[in-house]
Amino acid sequence: MKLATLDEGTRDGQLVVVTRDLTRCVAATDIAPTLQMALDEWEMTAPRLATLAAALEAGEVHGAPFDQAAAHSPLPRAYQWADGSAYVNHVALVRQARGAEMPDSFWTDPLMYQGGSDDFLPPRAPIPIPDESWGIDMEAEVAVITDDVPMGVSEADAAAHIKLVMLVNDVSLRNLIPAELGKGFGFFQSKPSTAFSPVAVTPDELGDAWQDSVLHRTMEVDLNGDALGRADAGTDATFSLARLVSHAAKSRNLRAGAIIGSGTVSNRDADGGPGRPVADGGRGYSCLAEIRMVETIRDGRPATPFMRFGDRVGIEMHDDDGASIFGRIDQVVEEYHG
């Protein structure tokens with residue numbers, strides 16, 4: 001089934017069930033007013049939501065038109081948002097470009113940071129940034145939402161705790177990152193509010209595209225209407241989403257509604273080298289930092305600028321029939337004046 005949250009002015013919005021083709025929806029108020037409340041009692045609410053979804057799909061419940069522009073991120077705020085490094089190729093390129101050695105442990109032990117989860121952006125809302133010089137970048141990722149996950153859970157057992165899958169625009173301010181990391185405490189100001197896809201879907205809805213907690217679909221990233229990235233999310237995934245959930249739960253419980261991200265989806269070229277632009281027949285890039293790293297490796301310096309005020313980023317994923325699975329993240333970078 002597919003679930004969304006309508007942005008109706010309240011902090012946590014209104015939970016709705018959405019048809020597979022994303023055209024209609026129906027409020028799930030009698031089952032759970034919000035997605036967080038549904039996740040808190042998932043064993044009880046999930047079967048009822050699935051029954052409502054089936055009735056909506058069959059036309060037994062008419063519902064209303066589903067407007068993606070009226071949707072908030074599925075969870076407008078969450079108890080936990082942690083982002084990992086499933087695609088170690090991305091990390092390797094960044095380190096190679098700045099001449100830093102790549103520790104062998106990065107291939108066996110995921111990286112992860114804890115992001116700000118109290119204020120997510122709607123998927124069609126502007127990206128408000130005070131200063132263009134901060135190096136504004138998108139990062140297209142896959143994320144999962146869990147139920148209650150016990151501390152020390154294995155990767156095999158973690159897979160059963162993944163209840164929903166969605167897409168992410170993990171906005172980064174690249175020019176703020178070096179000074180923050182230099183302090184030794186990690187990201188904070190360099191990671192502003194994140195946006196998620198209009199719709200979150202249960203793993204069974206993905207069919208064969210969901211294998212071993214890895215999503216095997218093309219991550220489509222557009223910048224100002226042009227194709228920036230068409231990376232295969234099922235290729236070059238060093239770690240599964242279940243592995244990242246297990247990693248996050250090594251020393252703590254994760255509570256229902258925890259969001260775990262894959263990190264930037266990234267592919268190497270067919271010959272094993274850095275990826276090529278889409279215009280050159282490659283799969284392109286899911287963030288601007290990566291193409292800048294490739295340019296640095298190839299030419300000695302980056303040529304592609306970071307996003308500027310007025311730039312538009314689109315992130316989406318389609319099934320084999322060309323239908324949008326999660327809806328489209330479509331955001332314009334906007335100067336924030338306070």
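Derivation of every value follows stated rules applied to the coordinates shown; laboratory data play no part. In this text, all values refer to a predicted model and were calculated from it rather than measured experimentally. Cβ atoms come from the backbone with ideal geometry, glycine included; neighbour counts cover every protein chain shown.
Computed from the C-beta positions of Ser251 and Asn175, the FRET efficiency with R₀ = 45 Å rounds to 0.90.
Amide H contacts for Asp311 (H built 1.01 Å from N in the peptide plane; partners 5 or more residues away or on another chain; cut-off under 5 Å): Val333. Which of the lysines could a cross-linker span from Lys2 if the Cα-Cα distance has to be under 20 Å and same-chain partners fewer than 8 positions apart are dropped? Hits, sequence-local ones excluded: Lys163. A dipole drawn for region 179-338 from +1 and -1 charges on Cβ atoms has a positive end, and of Phe326, Ala256, Ser240 the residue lying farthest that way is Ala256. How many angstrom lie between the C-alpha centres of region 9-68 and region 219-243? Here the two parts' Cα centres lie 28 Å apart.
The residues neighbouring Gly281, those whose beta-carbon lies less than 11 Å from its own, together hold a net charge of +1 under the Lys/Arg +1, Asp/Glu -1 convention.
Available extension along the chain between Gln96 and Ala50 is 11.9 nm, counting 0.36 nm per residue and deducting the alpha carbon span. Ordering 233-243, 283-293 by mean Cβ neighbour count within 10 Å, with the highest value first, yields 283-293, 233-243.
Between rounded, prolate and oblate, where does the chain land on the alpha carbon gyration tensor, with a ≥ b ≥ c its root eigenvalues, rounded for a/c under 1.5, else prolate if a/b exceeds b/c? Verdict is prolate for the chain. Maximal additional length on extending the Arg312-Asp119 stretch stands at 67.4 nm, based on 0.36 nm per residue less the C-alpha distance.
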